[in-house]
Amino acid sequence: MSSQLLLPLSDVLGPAIVCTAVGLAAVIDLRTRRIPNALTGALAVVGVGLAATQLGTIGLGGALIGGLLGFAFMMPGHIFGATGAGDVKLFAAAGALLGPASTVRAFFFTAIAGGVLAVVVAVRRRRLHQTIGATASLVTGRPEAVAAIEAPAADNRFAYAPAIAIGVVMAALTW
């Protein structure tokens, strides 16, 4: 095999780690509806550590900005009750490995994947009409919309780490 076909370890280390970690988080979230702090914390430490030691393609500043962007992108969804705190921490930690540009791409891919998954979940639960109505209420700013969406009887919750995993993997593969 030609050595020209092999990528340097630093080019594949970050994407391999982040893809593995978000995949694991998706599996855990689907099974337990939780994302362990140990996983998100370790991912963030590894991202910043790779950057600090120059073992990845992202510099320290890029890792910190990527993490902050990931946090900033996901926090509004958490404030409105659409995502859990684990989702916020997972996306922020992934941002530390992706860097700023890929974190932006990952967010768009994640939003699309999350929308598709929400429709699939609503169809499977036979709640598509109610879900679309509640979403319209949320978008138009009706104050009672968040409470209606969060009500246990609404059955609107679903694991969001799979959407994050899809978005992050897509962004990492288009590095």
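The values are calculated or read from the model by the stated rules, or taken from the named source; none is laboratory data. Predicted model, so just to flag it, every value in this text is computed and none were measured. In this analysis, Cβ positions are derived from the backbone assuming ideal geometry, glycine residues included, and neighbour counts consider all displayed protein chains. Ligands, DNA and RNA are stripped out before the accessible areas are found, and what is left, the full protein with its side chains, is counted by its heavy atoms. Shrake-Rupley method; radii C 1.70, N 1.55, O 1.52, S 1.80 Å.
Below is a table of values for the structure above.
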quantity: Structure-derived volume of the Cα convex hull per residue in Å³ - corresponding label in (i) 121; (ii) 146; (iii) 111; calculated: (i)
quantity: Most fluctuating residue given options Ile65, Ile79, Ile28, as computed from a GNM of the chain linking Cα atoms under 10 Å; calculated: Ile79
quantity: Point-charge dipole on Cβ atoms (K/R +1, D/E -1) for the chain, about Cα centre, debye to 20; calculated: 460
quantity: Choice from Ala16, Ala94, Ala113 showing the highest fluctuation, given a GNM over the chain with Cα pairs closer than 10 Å; calculated: Ala16
quantity: Candidates Gly66, Gly14, Gly133: whichever shows maximal mean-square fluctuation once the chain is modelled as a Gaussian network with Cα springs under 10 Å; calculated: Gly133
quantity: Accessible carbon and sulfur surface of the chain relative to its total accessible area, %, 1.4 Å; calculated: 71
quantity: Radius of gyration and Dmax over the Cα atoms of region 1-83, both given in Å; calculated: 15.3, 52
quantity: Relative contact order [Cα under 8 Å, 6+ residues apart], the chain, whole percent; calculated: 31
quantity: For region 21-29, 3J(HN,Hα) per residue [Karplus equation, 6.51 cos²θ - 1.76 cosθ + 1.60, θ = phi - 60°, Hz, x = Gly/Pro]; calculated: 5, 6, x, 4, 4, 5, 5, 5, 5
quantity: Local electrostatic count, Asp87, Cβ distance below 12 Å [Lys/Arg +1, Asp/Glu -1]; calculated: +3
quantity: Near-label residues of region 101-131 by backbone N, under 20 Å of a point 7 Å along Cα→Cβ of Arg142; calculated: 119, 122-123, 126-131
quantity: Estimated [θ] at 222 nm from DSSP helical runs (n ≥ 4, -39500 (n - 2.57)) normalised by residues in the chain, nearest 500; calculated: -25500 deg cm²/dmol
